Amino acid sequence: MQLHAQEEDKEEPQPQGFDKSKLFFGGNFGLTFGSNTFINISPQVGYRFNQYLAAGAGPSFIYYSYRRANERYRQGYAGANVFGRFYPMQYLFVQAQPEFNYMWGSLKYNDVTEKLEGRMIPSVLLGAGGAIPMGGRNGALLLMLQYDVIQDAYSPYGNKAFFTVGYNF
């Protein structure tokens, strides 16, 4: 007598609904001081839906100023953004990040101060990059090249592509 048996592969049940282990935190932080000052504090929180898709949002604050002889220029931005990432490969992604920032500022020249008219500035950052895993379940060093496709004259991102380095926790 001969017996044959097959063992069934039992998959672990997938959690239903919100899974806090898929949350990640990151964003941008930058400081430069001197005759040119730059401050960027833009935290973000995101959620990794699956191996291909992630999305999130965050507030932003950007300030810069420069001084030359009798001139001082100051400009600030405060706003919010949302982002979506698509991972076609495990550690490579493309990202879209629409945002709205309120801009204000002033120009002081020979003791005369001129205020800039406050306004809402739209931006849409498109970019691509890589995520290098570093510690923990969601830890990663992010390297990304981005470009603001709207090109508003008052955009905090200028009119050229720019490189960012970040970290997700």
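The values are calculated or read from the model by the stated rules, or taken from the named source; none is laboratory data. None of these values were measured; they are calculated from a predicted model. Methodologically, a virtual Cβ is constructed for each residue, glycine included, from the backbone with ideal geometry; neighbour enumeration extends over all protein chains shown.
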Filter result for GLY118 (among the small types (Gly, Ala, Ser) and surrounded by 15 or more Cβ atoms within 10 Å (Cβ to Cβ)): no
Please go through segment 10-33 and give me each residue that is at pLDDT 85 or above, small (Gly, Ala, Ser) and outside any helix (DSSP H, G or I), ordered by number. GLY26, GLY27, GLY30
What number of residues within segment 103-113 are of a type outside the set (Val, Ile, Thr) and loosely packed, with under 13 Cβ neighbours inside 10 Å? 2
Contacts under 8 angstrom Cβ, first residue in segment 96-120 being within 15 Å of TYR154 (Cβ to Cβ), partner acidic (Asp, Glu) and part of a strand (DSSP E or B), 6 or more apart: SER106/GLU114; LEU107/GLU71; LEU107/GLU114
Is it true that GLY139 is without any contact (Cβ under 8 Å) to a residue 60 or more places away in the chain and touching a strand residue (DSSP E or B) at 6+ places or on another chain (Cβ under 7 Å)? yes
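Residues are listed down the side, and each one gets a yes or a no for (1) exposed (fewer than 13 other Cβ atoms within 10 Å of the Cβ); (2) under 23 Å from LEU31 (Cβ atoms); (3) charged (D, E, K, R):
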site: GLY79; (1), (2), (3): no, yes, no
site: PRO98; (1), (2), (3): no, no, no
site: LEU126; (1), (2), (3): no, no, no
site: ARG137; (1), (2), (3): yes, no, yes
site: MET144; (1), (2), (3): no, yes, no
site: SER155; (1), (2), (3): no, yes, no
site: TYR167; (1), (2), (3): no, yes, no
Would you confirm whether or not segment 27-41 contains a residue that is under 12 Å from the mean Cα position of the chain (by Cα), over 19 Å from LEU143 (Cβ atoms) and free of Cβ contacts under 8 Å to residues at least 40 places away in the same chain? yes
Give all pairs with beta carbons closer than 6 Å in which a residue from segment 51-63 that is within 18 Å of LYS20 (Cβ to Cβ) meets a residue that is of a type in the set (A, V, I, L, M, F, W, C); count only pairs at least 6 apart in sequence or on separate chains. GLY56/VAL45; GLY56/PHE83; ALA57/VAL82
Could you please let me know if TYR77 is among the hydroxyl-bearing types (Ser, Thr, Tyr) and modelled with pLDDT of 95 or more? yes
